[in-house]
Amino acid sequence: MSRKTKENVLNILLSAGLLSERQVGDILSKEDMFRMRILKSREAKGAGVPSGTIRHSDISIIDIIESMHLPVNGNGQNITEDIIVKEIAKHFGLPYLKIDPLKLDSDVVTKIISKPYALRHELVPISVAGNTLVIATSNPFDREGIDRIKQSKGYDIEIVVSSRSDIMKIITEFYGFQLSITAAQDELSSQNDLGNLEQYVKLKSVQELGANDQHIINAVEYLLRYAYSQRASDIHIEPKREHCLVRFRIDGVLHTIHKMPKAVFPAFASRIKTLSRMDIAEKRRPQDGRIKTVQDGKEIELRVSTLPVAFGEKIVMRIFDPAILMQQVDELGMSQRELNIFRSLISAPYGLILVTGPTGSGKTTTLYSALKTLSTPDVNLTTIEDPVEMVYEEFNQISIQPQLGTTFASSLRTILRQDPDVIMVGEIRDYETATNAMQAALTGHLVMSTLHTNDAPSTVTRLIDLGIQPFLINSILSGVVAQRLIRKVCSHCAEMYPLSEDDCRMLGLSYDTAGKYEVPSGKGCPQCRGTGYLGRTGVFEAMEISEKIREAIEEKATPDMIKQISKKEGLRTLKEGAVEKLLKGITTVDEIIRVTGII
C-alpha cells in the first residue's frame, strides 16, 4: 500500500472509533519493528523460502495493525483483518464479501484477467451475470485496475471488498491450478487427436507423463494444498465423458471444486499413482497406495484408491490428519457414562471389544485413539489392517495382502506366536476372522475390531449370522460401542429457537408450551460456507455385556430384546445421544434426522 493509502486506512479506523489517537501514534512509531517481525514469521512458516524473498512492500498497514492485537472497544476481541476491511468497505459504501473458494468458477477467476494483473492490483473476478462482472478488491482506493478491466472487457463492473489474504489465496490456488492444467492440456491435446491420420505425433511414455510433466506436477500439488486448506477429508477425481470432475468431502458432504479437461486426466492420474507407488501401466484393476506429506509443519498421510469406471479410473484420496485420527478418548464426544464404560473395556487384560457403524462413521478414529491410550513401552500392540490407515511408529502394523496369502485370519494366527498384549483387527468380515479373533481373546489377549451393524445390540445377531456360537460370544465379548459422526452447528451463525410440538414428539421429548427446549440452527455464514455447520463430533451407544445380556444371548434373544435389557441397565441409544447433543446446542434437528434416520 502507498503512503496515501496507509493514511486513509488509519483515518477510516480513527473515524470509526476502532483506533484512538494514541494507538495511531503507536502504530506509526512501531511500524518498522512489527513489519520485521511479520517478515521473519512468514519466512519461517514458508519452509525452504529464502530470506529476502518476501518483500517489505508485501506487508501492508492492515497486516501490521492485526499483528499488534489491539482490542476492539467493549467487544472482547482483537482488531482483525476482516474487521478492518469491513470498515473500509462501509466507508466507501461498498458490500463486504468473505470469499468462499468452493463457490467460485475457476474459469471466471482465471480467464478474464491475467495472474500478474490480479497480483498487481490485488483483485479477482468473482462472478459474471449477463454483462455484469463482480470483482473483489482489497484496495478500493485503487480504481485504476478496475477501470481498465471495464474499458478493455466491456463489462459493467460491480465492486465488492474482500481481505487481501483471501484474495491472494484465491490468486495462488486458482491461477496455479488452472494455469498448470491449461499448459498441460496444450502439451497433451495433440497426442490424443486420433482423427488426423497423417499427423505425426510424438508420444511420451507412460513414465514420462506420470513423473516428468512439470505442469501436471504443479497441478497435483496445488490440488493437495487446496484440499488441506479447505479441511477436506477426501478428494474424489472422477472421469466423465467430456471432462473430469474434482470433488472434496468437507464435514461429510461432497462439494464440486473443479472440472478438468479430459485430455489432462491420464497424466494427472499417472502422477498421483506415481506418488502413491502404484503400477501406472495397470488401468484395468483396482489399486491401493499411500502418500505421506507435510503441511504447515505437520505430517499428513493420504490413502489413495483407484477403481476402473466407465470413462477411466476413478481416484479417491482419503486425508488422514494425525491430530484428528489419534485423539484423547475423552475428546471423541462420548458422554461421561459412555466414556467410563469405554475406559473400563480397554483397560481389561483380555476380552473382545467391537466398534460398529457404517463406513465413514469414525470407527477407525475411536480404535486408534484407544490404541494410543494403551500404547506404552511395556505393551506389545499389533494391528492387522486392510490397508493400514495411518502408519504410526508405536504400533506393529500389518497390511493385509491376500495375493501373498496374508489375510486377517492367517495374520491373527501368526500374531499369537508373537507374544502380543493388545491386538487390533481392522474389520471382522467372515467366519474365519471372527473365530480367530475370539480364540485370541480366549487365550488372554485384549482384541479390538470393527463390525458393520446399525446399533450395539444388533452386533450379537451379526456374530451369530457369521457362524459364531452363542456360548462363545458369551465367553469372550466384553462390550460393543456403536457410533455415528454428526455435524456440529456453526458457532459463528447459530441462532436459538424453541422446539415445536411436532419436533418434540419426533425426538421423544415432552412438549412444553413455555418453550422449554431452545435448540440451535445455523443460518449460514462465510466461516461455514453457508452450510450452517462447522466440524463434526461423535454420537455413541456403549453396551457392556452384563450377566442378564449373556443369559439373553444364550437363549438366542432378538436385537430388540437385548436392547430392552440394555436400556433397563442404562444404555443410551444413538438417537438419545444425538438429542442430548441437540439440547446442549452442539447440533441441529435436521442433522439428527439425517444421521439417525428418525422421521
Filter result for the condition that a residue is touching a Pro at 6+ places or on another chain (Cβ under 7 Å) and closer than 19 Å to residue 344 by Cα, over 446, 477, 442: 446
Test result for residue 144, among the charged types (D, E, K, R), over 21 Å from residue 258 (Cβ atoms) and in contact with a strand residue (DSSP E or B) (Cβ under 6 Å, 6 or more places away or on another chain): no
Test: residue in region 99-106 that is loosely packed, with under 15 Cβ neighbours inside 10 Å and over 26 Å from the mean Cα position of the chain (by Cα): no
Failed criterion for residue 158 (all others in (1) closer than 26 Å to residue 245 by Cα; (2) of a type in the set (D, E, K, R); (3) part of a strand (DSSP E or B) hold): (1)
Filter pass, residue 162 being at pLDDT 85 or above and either under 28 Å from residue 9 (Cβ atoms) or of a type in the set (Ser, Thr, Tyr) (or both): yes
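Out of 529, 484, which single residue is under 33 Å from the mean Cα position of the chain (by Cα), basic (Lys, Arg) and under 30 Å from residue 96 (Cβ atoms)? It would help to see each step written out before you state the result.
On the way: 484 fails: under 30 Å from residue 96 (Cβ atoms).
Residue meeting the stated conditions: 529.
Considering only residues that are in contact (Cβ under 8 Å) with a residue 40 or more places away in the chain and part of a helix (DSSP H, G or I), look in region 64-85 and name the one that is farthest from residue 155 (Cα to Cα). Before you say what the answer is, go through the steps one by one.
Residues of region 64-85 in contact (Cβ under 8 Å) with a residue 40 or more places away in the chain: 65, 68, 70, 72-73, 79, 81-85.
This time we only want the ones that are part of a helix (DSSP H, G or I), so: 65, 81-85.
Working: 65: 35, 81: 30, 82: 28, 83: 30, 84: 29, 85: 25 Å.
Selected residue: 65.
How about region 543-562: which of its residues are part of a loop (DSSP other than H, G, I, E, B) and either touching a Ser or Thr at 6+ places or on another chain (Cβ under 6 Å) or aliphatic (A, V, I, L, M) (or both)? Step through it out loud before you land on a result.
Our first condition is that a residue be part of a loop (DSSP other than H, G, I, E, B); within region 543-562, this holds for 545-546, 555-558.
Matches in region 543-562: 545, 557.
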Residue 420 vs. criteria buried (at least 16 other Cβ atoms within 10 Å of the Cβ) and touching a helix residue (DSSP H, G or I) at 6+ places or on another chain (Cβ under 6 Å): no
Qualifying residue in region 280-298 (condition: without any contact (Cβ under 8 Å) to a residue 60 or more places away in the chain, touching a Lys or Arg at 6+ places or on another chain (Cβ under 8 Å) and surrounded by 13 or more Cβ atoms within 10 Å (Cβ to Cβ)): yes
Residue check, residue 229 surrounded by fewer than 17 Cβ atoms within 10 Å (Cβ to Cβ), hydroxyl-bearing (Ser, Thr, Tyr) and closer than 30 Å to residue 532 by Cβ: yes
Yes/no for residue 127 being hydroxyl-bearing (Ser, Thr, Tyr) and within 30 Å of the chain's Cα centre (by Cα): yes
Close pairs from region 231-250: first on the phi > 0 side of the Ramachandran plot, partner among the β-branched types (Val, Ile, Thr) and not in a loop (DSSP other than H, G, I, E, B), Cβ under 8 Å, at least 6 apart: 231/250
Breaking point among (1) crowded, with 18+ Cβ neighbours inside 10 Å; (2) not in a helix (DSSP H, G or I), for residue 578: (2)
Residue within region 515-524 that is among the β-branched types (Val, Ile, Thr) and either over 19 Å from residue 588 (Cα atoms) or in the same structural domain as residue 359 (by TED's automatic domain parsing) (or both) present: no
Hits in region 332-357 - residues which are surrounded by 22 or more Cβ atoms within 10 Å (Cβ to Cβ) and charged (D, E, K, R): 338
Test set (1) in the same structural domain as residue 561 (by TED's automatic domain parsing); (2) surrounded by fewer than 16 Cβ atoms within 10 Å (Cβ to Cβ) - residue 497 fails condition number: (1)
Residue that is nearest to residue 82 (Cα to Cα), among those in region 507-527 that are at pLDDT below 85 and of a type in the set (Gly, Ala, Ser): 524
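Yes or no, residue by residue, for (1) without any contact (Cβ under 8 Å) to a residue 40 or more places away in the chain; (2) out of contact with any Pro (no Cβ under 6 Å at 6 or more places or on another chain):
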{"residue": "312", "(1), (2)": "no, no"}
{"residue": "319", "(1), (2)": "no, yes"}
{"residue": "330", "(1), (2)": "yes, yes"}
{"residue": "340", "(1), (2)": "yes, yes"}
{"residue": "347", "(1), (2)": "yes, yes"}
{"residue": "357", "(1), (2)": "no, yes"}
{"residue": "360", "(1), (2)": "no, yes"}
{"residue": "363", "(1), (2)": "no, yes"}
{"residue": "368", "(1), (2)": "no, yes"}
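The values are calculated or read from the model by the stated rules, or taken from the named source; none is laboratory data. Small disclaimer: the values here were computed from a predicted structure and weren't measured. Don't worry about glycine lacking a Cβ; one is built from the backbone with ideal geometry, like all the others, and counts go over all protein chains shown.
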